[in-house]
1. How large is the charge dipole for the stretch 117-159, taken about the Cα centre, if only the Cβ atoms of Lys, Arg (+1) and Asp, Glu (-1) carry charge, to the nearest 20 debye?
2. Across the stretch 158-175, in residue order, what do the Karplus-derived ³J(HN,Hα) couplings come to in whole Hz, using 6.51 cos²θ - 1.76 cosθ + 1.60 with θ = phi - 60° and x for Gly and Pro?
3. Report, in listed order, any pair from Lys132/Lys180; Lys180/Lys227; Lys180/Lys236 with a Cα-Cα distance greater than 21 Å.
4. How much length is gained on full extension from Asn178 to Asp121, taking 0.36 nm per residue of separation minus their Cα-Cα distance?
5. Tabulate in residue order the Karplus-calculated ³J(HN,Hα) for the stretch 144-152, using 6.51 cos²θ - 1.76 cosθ + 1.60 with θ = phi - 60°, rounded to whole Hz; enter x for Gly and Pro.
6. Excluding Ile163 itself, calculate the net charge of residues whose Cβ lies under 13 Å from the Cβ of Ile163, where each Lys or Arg counts +1 and each Asp or Glu counts -1.
7. Provide the gained length on full extension for the span Thr198 to Ser186, in nm with one decimal, where the gain is 0.36 nm per separating residue minus the Cα-Cα distance.
8. Provide the packing ranking of 150-159, 226-235, i.e. peptides ordered by the mean count of other C-beta atoms within 10 Å per residue, highest first.
Amino acid sequence: MKNTYFKKVAVACVATFAFIGIHNSTVEAITEYEVVNVDSLAEIGQAYAYGPIMYEMKQENNEFDDEKEFIPYKPDLFEKQSQETKVDEPVITEPQTKEPEVVVPPEPTTPAVSISNDEKDLFARLVEAEAKGESYEGKVAVATVVLNRVDSPEFPDTISGVINEVVGDAYAFSPVQNGKINDSASDDSIRAVEEALTRQDRLNDCIYFYNPDIATDTWITTREVVKTVGNHVFAK
């Protein structure tokens with residue numbers, strides 16, 4: 001009797017849901033399933049909870065859940081924000097040691113005229129005696145005249161020959177005549193000889209020089225004057 005009563009209740013419930021399901025597509029699916037024979041209200045509850053109706057409702061809930069917005073975790077974004085808020089630490093750089101510049105001394109100018117040390121000493125002593133008290137430029141000019149005479153066909157072709165030349169009854173250079181040539185040469189006279197030997201300035205090939213204030217030879221004053229340095233006039 002008890003089982004027959006619950007069967008009638010179950011059939012009545014199913015019939016009610018079927019009537020309501022005319023306007024509800026979800027409940028309509030219930031009529032497609034067989035009526036389950038149950039003996040108690042607990043069995044009816046289980047049939048309802050795990051039966052076709054709950055299956056359809058779970059399917060609809062799952063479809064709704066799939067439509068929810070999904071915000072993925074982006075670790076790069078958080079790392080970037082944490083880096084932006086990080087305080088920059090001071091960068092300590094070691095001082096660079098600058099290597100000292102190597103200064104290369106200029107190469108000495110090679111003399112255009114090669115002479116022995118003895119002849120160079122004689123040359124410097126003549127310049128000292130003839131241009132004593134003159135500027136360094138004046139000493140170089142006197143030495144240049146001696147070298148121009150060596151190059152000229154009118155004079156001997158060596159430095160010692162030009163310095164010791166005899167004209168008439170006297171030496172061409174008065175220091176040779178009066179013995180002043182035997183005095184030691186100064187450093188300026190030695191450097192003047194070295195510079196004149198490079199032949200960078202030939203003084204327009206001058207072969208004469210004299211001091212117009214003390215010159216006694218009137219012939220020398222007839223020569224073409226090229227340059228005046230200090231107390232000396234240089235001529236061709």
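All of the numbers you see were taken from the coordinates with simple rules; none came from a lab. Bear in mind that the values here come from a model prediction, so they are computed numbers and not experimental data. Here the Cβ positions follow ideal geometry from the backbone for every residue, glycine too, while neighbour counts run over all protein chains shown.
1. 140
2. Listing the rounded values in order: 10, 5, 5, x, 5, 5, 9, 5, 10, 10, x, 10, 8, 6, 5, 10, 4, x Hz.
3. Flagged as over cut-off: Lys180/Lys227; Lys180/Lys236.
4. Details: separation 57, 0.36 × 57 = 20.52 nm, distance 1.82 nm.
Here the segment from Asn178 to Asp121 would lengthen by 18.7 nm.
5. After applying 6.51 cos²θ - 1.76 cosθ + 1.60, I find 5, 4, 4, 5, 5, 5, 4, 6, 7 Hz.
6. Values: positive: Lys120, Arg125, Arg149, Lys180; negative: Asp118, Glu119, Asp121, Glu128, Glu130, Asp157, Glu165.
It works out to a net charge of -3.
7. Numbers: separation 12, 0.36 × 12 = 4.32 nm, distance 1.94 nm.
That pair, Thr198 and Ser186, stretches by 2.4 nm at full extension.
8. Details: 150-159: 13.2, 226-235: 17.3.
Averaged packing, sorted descending, gives the order 226-235, 150-159.
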